[in-house]
Amino acid sequence: MNITHTPLAGCFVIEPQVFGDARGSFMESYNEQKFPADVHFVQDNQSVSQKGVLRGLHFQTGEHAQAKLVRVIRGEVLDVAVDVRPNSETFGQHFSIILNAENNKQLFVPRGFAHGFAVLQDDTIFAYKCDNFYNKDAESGIIYNDPEIAIDWMLNEDEIILSDKDKLLPNLKSLSL
């Protein structure tokens, strides 16, 4: 397993070792003993989306905050983490990475970060582990096109498909964190 730290403290990329031969391939997608963060995952989630779907930027607040380990099983996404820790030196900064079924990369998004992804291929399967259970009352988010964050989602504006809920998210400055 190769670990690459991002410019955002606590957020890192994992590249698992893939073993392949004529039969196919094998990789260890998670091993608690080798994982470089002190987390205990309690829930796995999975979504299937078409090209243009943008999910995010989401996070849970307070005692319900979640760390996530995200990956793509089929297809491709642009995955984005935004530091929303008020006292962080990198508050409001983001990190983005292409995750796909070929590169097998994973992104660890620690607590205190908003997370989102733009789907770049039809029928993409996106999977992630969470270290805390979802709580509807603790959900929050940031609008995907906040000019202060300035994320290039690698999609044209007319390609982006948002949920009604995500269309109403505030910008980062409007949040009380």
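For the range 1-40, the relative contact order comes to 25 percent (Cα pairs under 8 Å, sequence separation of at least 6).
Relative contact order, whole percent, for the chain stands at 30, derived from Cα pairs under 8 Å and 6 or more residues apart.
On the basis of the beta-carbon distance and an R0 of 35 Å, Ile98 and Ser176 show a calculated FRET efficiency of 0.60. Ordering of 23-35, 77-89, 161-173, 127-139 by packing is 77-89, 127-139, 161-173, 23-35, highest average first (other Cβ atoms within 10 Å, averaged per residue).
Considering the range 6-128, its Cα convex hull presents a mean projected area of 8.1 nm².
Think of the range 1-93 as having a plus end and a minus end, set by charges on the Cβ of Lys, Arg, Asp and Glu; of Met1, Met27, Phe41, Met27 sits farthest toward the positive end of this dipole. Across the options Asn87, Asn104, Leu69, the greatest Cα extent toward the positive end of the charge dipole of the range 66-111 (unit charges at beta carbon of Lys, Arg, Asp, Glu) belongs to Leu69. Ranked by the mean number of other Cβ atoms within 10 Å of their residues, highest first, the peptides 37-45, 111-119 fall in the order 111-119, 37-45. The Asn145 and Ala9 beta-carbon pair, evaluated with R₀ = 25 Å, returns a calculated FRET efficiency of approximately 0.45.
According to the square roots a ≥ b ≥ c of the eigenvalues of the Cα gyration tensor, what is the shape class of the range 9-68, taking rounded for a/c under 1.5, prolate for a/b larger than b/c otherwise, and oblate for the remainder? Taking the square roots of the gyration eigenvalues as a ≥ b ≥ c, the range 9-68 is oblate. Using 18 Å as the cut-off for backbone N distance, which residues of the range 6-21 belong to the label zone defined by a point 7 Å from the Cα of Asp38 along Cα→Cβ? Inside the label zone: 9-12. Dipole magnitude for the range 80-177: computed about the Cα centre from +1 point charges on Lys and Arg Cβ and -1 point charges on Asp and Glu Cβ, it is near 480 debye.
Taking Cα centre as origin and charging only the Cβ of basic (Lys, Arg, +1) and acidic (Asp, Glu, -1) residues, the dipole magnitude of the chain rounds to 280 debye.
Read-outs throughout are calculated quantities, based only on the coordinates presented, and are distinct from any laboratory measurement. Computed from a prediction, not measured in an experiment: that's the story for all the values here. Positions of Cβ are generated from backbone atoms using ideal geometry, with glycine treated the same way; all protein chains shown enter the neighbour counts.
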